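Asker: First the structure, which I've put down as structure tokens, then a few questions once you've had a look.
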Amino acid sequence: MNDAHRQDRAWQDPIVAEVRAVRSALFAASGNDIREFCRRLREKQAVSGHDILTRVSQSGLQSATPPSAFPPPRPIG
């Protein structure tokens, strides 16, 4: 049995398949443009009412500077 044949018969996790399908649909709705996709995500995040958290880098500095239209993030941990 070759590798291509094994891949065809590989078990598909239904949850992973669903997540990938949703991701694909969201990305397609942004015209397959990563910048537009991220802009839309940040827009939804800003109006969600949830605290915006960012990961602190190993050096203790923030890994990214948030756009000025958003409140400053609170570091995790």
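Asker: Restricting to the stretch 20-77, and then to whatever is of a type in the set (S, T, Y) and part of a loop (DSSP other than H, G, I, E, B), can you tell me which residue is modelled with the highest pLDDT? If you could, list the steps in order and put the result at the bottom.
Answerer: Taking the stretch 20-77 and keeping what is of a type in the set (S, T, Y), we get 24, 30, 48, 54, 57, 59, 63, 65, 68.
Retained after the next criterion (residues that are part of a loop (DSSP other than H, G, I, E, B)): 30, 48, 57, 59, 63, 65, 68.
Working: S30: 94, S48: 91, S57: 70, S59: 68, S63: 50, T65: 54, S68: 60.
Ranking the qualifying residues of the stretch 20-77, first place goes to S30.
Asker: Separate question: Quickly run through the stretch 1-19 and pick out the residues that are in a loop (DSSP other than H, G, I, E, B) and either at pLDDT 95 or above or of a type in the set (K, R) (or both). Show your work before the answer.
Answerer: First, the residues of the stretch 1-19 that are in a loop (DSSP other than H, G, I, E, B): 1-2, 9-13.
Matches in the stretch 1-19: R9 only.
The values are calculated or read from the model by the stated rules, or taken from the named source; none is laboratory data. Owing to the predicted nature of the structure, the values given are computational and were not obtained by experimental measurement.
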